[in-house]
1. Kindly provide the set of residues from region 38-59 that are within 25 Å of G92 (Cα to Cα) and free of Cβ contacts under 8 Å to residues at least 24 places away in the same chain, ordered by number.
2. Name the residues in region 48-99 that are among the hydroxyl-bearing types (S, T, Y) and surrounded by 15 or more Cβ atoms within 10 Å (Cβ to Cβ), would you?
3. Restricting to region 33-44, name every residue that is surrounded by fewer than 18 Cβ atoms within 10 Å (Cβ to Cβ) and among the aliphatic types (A, V, I, L, M).
4. Suppose we filter K30, K19 for residues that are charged (D, E, K, R) and crowded, with 16+ Cβ neighbours inside 10 Å; which single one remains?
5. Taking the condition of a type in the set (D, E, K, R), modelled with pLDDT of 95 or more, more than 16 Å from R103 (Cα to Cα) and touching an Asp or Glu at 6+ places or on another chain (Cβ under 6 Å), does K19 pass?
6. Restricting the search to region 41-71, which residues are in contact with a Phe, Trp or Tyr (Cβ under 7 Å, 6 or more places away or on another chain) and more than 20 Å from I84 (Cβ to Cβ)?
7. Among the residues of region 32-78, count how many are part of a helix (DSSP H, G or I), in contact with a Lys or Arg (Cβ under 9 Å, 6 or more places away or on another chain) and of a type in the set (A, V, I, L, M).
8. Which one of T29, T17 is β-branched (V, I, T) and touching a residue at least 24 places away in the same chain (Cβ under 8 Å)?
Amino acid sequence: MGDYVYVSGQTPLDPDTGKLVEGDIAAQTKRIFLNLEAILSAAGLSFEDVVKTTVFLADMGDFAAMNAEYATHFASPYPARSTIGVAALPLGARVEIELVAKR
């Protein structure tokens, strides 16, 4: 394996049902971070190893609520982040997040 782990965009799918979680942007963001945590853990990594994230929002008006949940998962020094407004996301999700972590 190389030094970097690239995690493709994760939407707020419940791994038990395979369906989009119900709820607002905070609930969807929380589910994504649970999914990302499981992926990082399987690679022997944690959020402390994340160096870059990209957040895709279907509504930029959701930024503050998404950011409040997002902030609970990282500490200083924070990873670089881009946030992009998009027209639509798979299955009607309101948010999608991808990341890069370094071993």
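1. A38
2. So in region 48-99, the residues among the hydroxyl-bearing types (S, T, Y) come out as 53-54, 70, 72, 76, 78, 82-83.
Once the filter is applied, which keeps residues that are among the hydroxyl-bearing types (S, T, Y) and surrounded by 15 or more Cβ atoms within 10 Å (Cβ to Cβ), region 48-99 yields T53, T54, Y70, T83.
3. Matches in region 33-44: L34, A38, I39, A42, A43.
4. Numbers: K19 fails: crowded, with 16+ Cβ neighbours inside 10 Å.
Exactly one of K30, K19 is charged (D, E, K, R) and crowded, with 16+ Cβ neighbours inside 10 Å, namely K30.
5. Numbers: of a type in the set (D, E, K, R): yes; modelled with pLDDT of 95 or more: yes; more than 16 Å from R103 (Cα to Cα): yes; touching an Asp or Glu at 6+ places or on another chain (Cβ under 6 Å): no.
It is false that K19 is of a type in the set (D, E, K, R), modelled with pLDDT of 95 or more, more than 16 Å from R103 (Cα to Cα) and touching an Asp or Glu at 6+ places or on another chain (Cβ under 6 Å).
6. Residue satisfying the conditions is F47 alone.
7. Filtering region 32-78 for residues part of a helix (DSSP H, G or I) gives 32-42, 47-49, 60-73.
Narrowing the set further to residues that are in contact with a Lys or Arg (Cβ under 9 Å, 6 or more places away or on another chain) leaves 49, 62, 66, 69-70, 72.
Imposing the further condition that a residue be of a type in the set (A, V, I, L, M) reduces the set to 66.
Count: 1.
8. Values: T17 fails: touching a residue at least 24 places away in the same chain (Cβ under 8 Å).
It is T29.
The values are calculated or read from the model by the stated rules, or taken from the named source; none is laboratory data. Given the structure is predicted, the values throughout are model-derived calculations rather than measurements. Note: ideal-geometry Cβ built from the backbone for every residue, glycine included; neighbour counts use all protein chains shown.
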